1. What's the number of the only condition in (1) in contact with a helix residue (DSSP H, G or I) (Cβ under 9 Å, 6 or more places away or on another chain); (2) at pLDDT 95 or above that B:V74 fails to meet?
2. Is it the case that some residue within segment B:27-40 is over 14 Å from the mean Cα position of the chain (by Cα) and surrounded by 14 or more Cβ atoms within 10 Å (Cβ to Cβ)?
3. Among the residues of segment B:25-44, count how many are of a type in the set (A, V, I, L, M, F, W, C), closer than 16 Å to A:I204 by Cβ and within 7 Å of chain A (Cβ to nearest Cβ).
4. Please pick out the residue among A:G83, A:G66 that is under 15 Å from the mean Cα position of the chain (by Cα), more than 9 Å from chain B (Cβ to nearest Cβ) and at pLDDT 95 or above.
5. Could you run through segment A:1-51 and say how many residues are of a type in the set (A, V, I, L, M) and at the interface with another protein chain (Cβ under 8 Å from one of its Cβ atoms)?
6. Among the residues of segment B:14-24 satisfying the criterion of being within 17 Å of the chain's Cα centre (by Cα) and at the interface with chain A (Cβ under 9 Å from one of its Cβ atoms), which is surrounded by the most Cβ atoms within 10 Å (Cβ to Cβ)?
7. Under 8 Å by Cβ, and 6 or more places apart or on different chains, what pairs join a residue from segment B:53-67 that is within 7 Å of another protein chain (Cβ to nearest Cβ) with one that is assigned to a loop (DSSP other than H, G, I, E, B) and surrounded by 17 or more Cβ atoms within 10 Å (Cβ to Cβ)?
8. Among the residues of segment A:138-185, what is the count of those that are modelled with pLDDT under 95, farther than 18 Å from A:A56 by Cα and assigned to a helix (DSSP H, G or I)?
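The values are calculated or read from the model by the stated rules, or taken from the named source; none is laboratory data. Please read all numbers here as calculations on a predicted model, not as lab measurements. Note that we place each Cβ from the backbone using ideal geometry, even for glycine, and neighbour counts take in every protein chain shown.
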Amino acid sequence: MASAVAHEFQFESAPHQASTAIAGMWLFLATEVLFFGGLFLCWIYARHANQAGFDAGARETALGIGTLNTVLLISSSAVYTAGVTFIRTGNVRRLIHCCLVTLLLGAGFIALKFGVEWREDFTQHLFPAAANFKITAPGLGGARLFYVFYFASTALHGLHMVIGLALLGWIMLRARRGDFSPQYHTPVHVVGLYWSFVDMVWLILYPLIYLVGRG
Amino acid sequence: MGVLRTWLLLLALGAIEVAASYLPIARGWRPIVMLPAVVMVYVVAAGFMELKKGAAINRTFAVAAVFWLLVLLVLGSADPLTRTDYLVPGVSRTN
């Protein structure tokens, strides 16, 4: 939809179509909250039954990389939100710049998480199915469970990140094509909601993985 | 709340969270380290996702998501968190 005023037949106006698309994304995000909620419930259940093992596992995590990744994601959400503000005033060039910076920050997160941190975890025998798993002291059996949670949750979050990066690329291409204007930029807003949600999920995963068991 | 102020607030809350994780808190109570993260989630929703500015239906979906998440977490963890484990005499717990 390139026109500023065009809308599909089932909507009474373009603003009605825009508000419906945004509400649709909020509804989708509500289902995603429950998707990740199951994961959080697993953490509560497994940690309660294996506190010493979970804490031993958390102490082996790379806090520096996790913290840096948190800063990268918070910054990426901030930059993209600035991009949404720019397109509201018709500044397409600034929107493209913001998308590019957001993409780079997101790609940096993926590179650190899977290229550096996961590789280090495998090198240090922290994969829970490894025969020579690092944490073997008596009473610390829950450490394997902790790393099941760690790998499953970061993989699921990473998958959402990759989808988000693809969406950012799509927004950039459409912006370059001149599809967006102050009157029509609903996809920019909707993708921003998704990207901020991915940020939110990480804000919860970060303390669950790196902080709660560290003290 | 401007983008820059939201970003700075999130960084400050993140720093508080990391500092709190080093406090000598009893193991069972350590999940309270999560409190700044919960505030950060609200700040992202209010600042970056413009939850307050949008239509009421958006806030309804957001509140419903939090409500059903709480139902899931509270009902799902009520039993394991309140159950008393009795060890079998002569058998030591290995994990």
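1. For B:V74, the failing item is (1).
2. From segment B:27-40, those over 14 Å from the mean Cα position of the chain (by Cα) are B:27-28; that's our starting set.
Then keep just the ones that are surrounded by 14 or more Cβ atoms within 10 Å (Cβ to Cβ); that gives B:27.
The answer is yes; a qualifying residue exists.
3. Matching residues across segment B:25-44 total 6.
4. A:G66
5. Applying the first criterion (of a type in the set (A, V, I, L, M)) to segment A:1-51 yields A:1-2, A:4-6, A:14, A:18, A:21-23, A:25, A:27, A:29-30, A:33-34, A:39, A:41, A:44, A:46, A:49.
Right, trim to at the interface with another protein chain (Cβ under 8 Å from one of its Cβ atoms) and you get A:22-23, A:27, A:29-30, A:33-34, A:41, A:44, A:49.
The number of residues fulfilling the criteria is 10.
6. Within segment B:14-24, the match that is surrounded by the most Cβ atoms within 10 Å (Cβ to Cβ) is B:E17.
7. These pairs meet every condition: B:N58/B:L51; B:A62/B:L51.
8. Qualifying residue count for the region: 0.
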